[in-house]
1. Looking at this structure, is Lys215 exposed (fewer than 13 other Cβ atoms within 10 Å of the Cβ), of a type outside the set (A, V, I, L, M) and more than 30 Å from the chain's Cα centre (by Cα)?
2. Going by what's in this entry, would Ala355 be described as within 16 Å of the ligand (Cβ to nearest atom), surrounded by fewer than 19 Cβ atoms within 10 Å (Cβ to Cβ) and among the small types (Gly, Ala, Ser)?
3. Taking segment 4-44 as the region of interest, how many residues are away from the ligand (no atom under 16 Å from the Cβ), open to solvent by 90 Å² or more (accessible area, probe 1.4 Å) and modelled with pLDDT of 95 or more?
4. Checking the condition under 17 Å from the mean Cα position of the chain (by Cα), more than 7 Å from the ligand (Cβ to nearest atom) and open to solvent by 40 Å² or more (accessible area, probe 1.4 Å), which residue from Leu274, Leu312 passes?
5. Suppose we filter Ala52, Ala68 for residues that are more than 10 Å from the ligand (Cβ to nearest atom), surrounded by fewer than 17 Cβ atoms within 10 Å (Cβ to Cβ) and of a type outside the set (S, T, N, Q); which single one remains?
6. Look at Glu144 and say whether it is within 15 Å of Val238 (Cα to Cα), in contact (Cβ under 8 Å) with a residue 60 or more places away in the chain and either outside the structural domain of Val280 (by TED's automatic domain parsing) or among the acidic types (Asp, Glu) (or both).
7. If a residue has to be closer than 17 Å to Phe267 by Cα and more than 9 Å from the ligand (Cβ to nearest atom) to count, how many in segment 279-299 make the cut?
8. Only residues that are among the small types (Gly, Ala, Ser), near the ligand (Cβ under 9 Å from one of its atoms) and open to solvent by 10 Å² or more (accessible area, probe 1.4 Å): list them for segment 128-155, please.
Amino acid sequence: MSTFQAPKGTYDLIPPRSAKFLAVREAISAPLKNSGYGYIETPGFENVELFARGVGESTDIVSKEMYAFETKGGTKLALRPEGTASVLRAALEANLHKAGNLPVKLWYSGSYYRYERPQAGRYRHFSQVGAEAIGAEDPALDAELIILADQAYRTLGLREFRILLNSLGDKECRPVYRDALQGFLRELDLDEDTRRRIEINPLRVLDDKRADVQKQLVGAPMLRDYLCDACKAYHEEVRELLTAAGVAFEDDEKLVRGLDYYTRTTFEFVHDGLGSQSAVGGGGRYDGLSEMIGGPELPSVGWALGVDRTVLALEAEGIELELPASTSVFAVPLGEEARRVLFGIVTELRREGIATDFAFGGRGLKGAMKSANRSGARYTIVAGERDLGEGVVQIKNMESGEQSAVALGLVVEELRSRLSS
Ligand code: HAM
C-alpha cells in the first residue's frame, strides 16, 4: 500500500471487475447507437451557473452536493453532477437544433461528481451512460427512450428491476397544483428545513422518507388530479405505447425526481436487490430547460443510467456476463533466442487481430505457465532452443492439455484456423 488511498466516496475499477463496467457501458449504449443516437462528449466541468439554473438552485444536487470551485482566473466552475444540462448547452452552442433535423438525438458516457454521504451504491464519483433527444414533443420519443433502457437491462439479463412512471404536468397545470399542495403542506407540523422546502420545492416534500412526515401526507392533493387535458392525453399515449411494446411499468404518482427541470413524463428504473440506493437509472421530459439556460423553446426528453449501480444489480442477481477471455494465445519463451522469435510471432498474431499475450520478465517455465493459465488463453505457444533448432514451436491446447509441434512459418495460420473452429 502507498501513502495514498482513493478519496472518500470513490473507488478504483480494477480487473477483472472493471471488465463488467465496460460490458455494461457497451450494453447500454448499443441500443442507442442502433436507434439514431450520435455520441457526444462534453467537458468534465462547466460554468457553475449552468447547473444552478438548469438543475435548480433549490435541489440537493446544486445546494449541497456540487464540487464548485474558482479557477486562478476567477471563473466559477463546477465538476458536472449530471449530464443533461451540459449536453443541452453543447447542442445549443453548436446550433445542432438549427440543422433542420429535430429531434437531435445524442448519447454520452462518463464520470459525474456529487458530494454525497457515501454508502453502498452511492459514491462521490460515479459513472453514467445517458441519452437525450432534443427538440421534439412526441410521446413516441418518451416511449422510445424507456423501451431502449428496458432493452439494455434485459440484454444484460437483469430481471428484478421495475419501471416507475409519472407525469409532472407542464407550465399550465403544475403551478396550480403547486399552490394547492403548498396550501395543504403549510398546515402540517413540520420542521424548519421542511417548511423552507414547502416554499421552494413543495413537490420534494412528498418524497420525504420519514414515517412521521409520510403519515401527515395522507390526503395531500395529488398532481394526477390537477393535470391539464393536454398533459393527460400525452401521458396516456406514452403509457399505451409502452404497453404495446410489452414494457411493463408501474404508475407512481409520488415519483418527483431530484432535479428541477422535469415536466410531464418522468420515470425511474429501480432494482429490488440494491437496498436504499435502488434507483439504477432515471429521466424524463424537460421541456423548459433550454429556455432556463438562455436557449429557444426546445421540448426534450432523456435519461441516464448509473453504471455503478447497474453492475451492483448484476451482482445482486448473481448474473455472470459472458465476457470473452481477453487473451486467446499466450506465448512462453524458454531462453533468449526463443524470446526474440516468440515475441515476433506475438506481434504478428496481434496484427492479425488475435488477442495475444507474452510471458515478460524472463521467468521460468512454471511461473510463465501460471500466467498463461490465469490469462484464460485457449492456446499457449512454448518454444525452447531445441524446438527452434528443429524449426518448430509447441502449441498447447490449454483445455485438453494436448501439445503438438508446428513449423515456425505456419504458427499464425494454424492458430487462426484452430481459434475459429
Ligand atoms: P439522476 O437520477 O440524478 O438523473 O441520476 C441517474 C442515475 O445515476 C441514478 O439512477 C443512479 O443510478 C446514478 N447516480 C446518481 N447519483 C449517484 C451516486 N452518488 N452514486 C452512484 N450512482 C449515482 C440524472 O442525472 C439526469 N441527468 C437524468 C436525465 C437525463 N434526465 C433527463 N435526461
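1. On the way: exposed (fewer than 13 other Cβ atoms within 10 Å of the Cβ): yes; of a type outside the set (A, V, I, L, M): yes; more than 30 Å from the chain's Cα centre (by Cα): yes.
For Lys215, the condition - exposed (fewer than 13 other Cβ atoms within 10 Å of the Cβ), of a type outside the set (A, V, I, L, M) and more than 30 Å from the chain's Cα centre (by Cα) - is met.
2. Considered against the rule, which asks whether it is within 16 Å of the ligand (Cβ to nearest atom), surrounded by fewer than 19 Cβ atoms within 10 Å (Cβ to Cβ) and among the small types (Gly, Ala, Ser), Ala355 comes out as no.
3. Summing the residues that are away from the ligand (no atom under 16 Å from the Cβ), open to solvent by 90 Å² or more (accessible area, probe 1.4 Å) and modelled with pLDDT of 95 or more in segment 4-44 gives 7.
4. On the way: Leu274 fails: open to solvent by 40 Å² or more (accessible area, probe 1.4 Å).
That would be Leu312, the only listed residue that is under 17 Å from the mean Cα position of the chain (by Cα), more than 7 Å from the ligand (Cβ to nearest atom) and open to solvent by 40 Å² or more (accessible area, probe 1.4 Å).
5. Values: Ala52 fails: surrounded by fewer than 17 Cβ atoms within 10 Å (Cβ to Cβ).
Going through Ala52, Ala68 in turn, just one is more than 10 Å from the ligand (Cβ to nearest atom), surrounded by fewer than 17 Cβ atoms within 10 Å (Cβ to Cβ) and of a type outside the set (S, T, N, Q): Ala68.
6. Values: within 15 Å of Val238 (Cα to Cα): yes; in contact (Cβ under 8 Å) with a residue 60 or more places away in the chain: yes; either outside the structural domain of Val280 (by TED's automatic domain parsing) or among the acidic types (Asp, Glu) (or both): yes.
Yes; evaluated as a whole, the condition is true for this residue.
7. Residues flagged as closer than 17 Å to Phe267 by Cα and more than 9 Å from the ligand (Cβ to nearest atom) within segment 279-299 amount to 2.
8. Those that are among the small types (Gly, Ala, Ser), near the ligand (Cβ under 9 Å from one of its atoms) and open to solvent by 10 Å² or more (accessible area, probe 1.4 Å): none in segment 128-155.
The values are calculated or read from the model by the stated rules, or taken from the named source; none is laboratory data. Since the structure is predicted, the reported quantities are computational estimates derived from the model, not experimental observations. With ideal geometry, Cβ positions are generated from the backbone for all residues, glycine too; neighbour counts draw on all protein chains shown. Heads up: the accessible areas ignore ligands, DNA and RNA and are worked out on the full protein's heavy atoms, side chains in. Shrake-Rupley method; radii C 1.70, N 1.55, O 1.52, S 1.80 Å.
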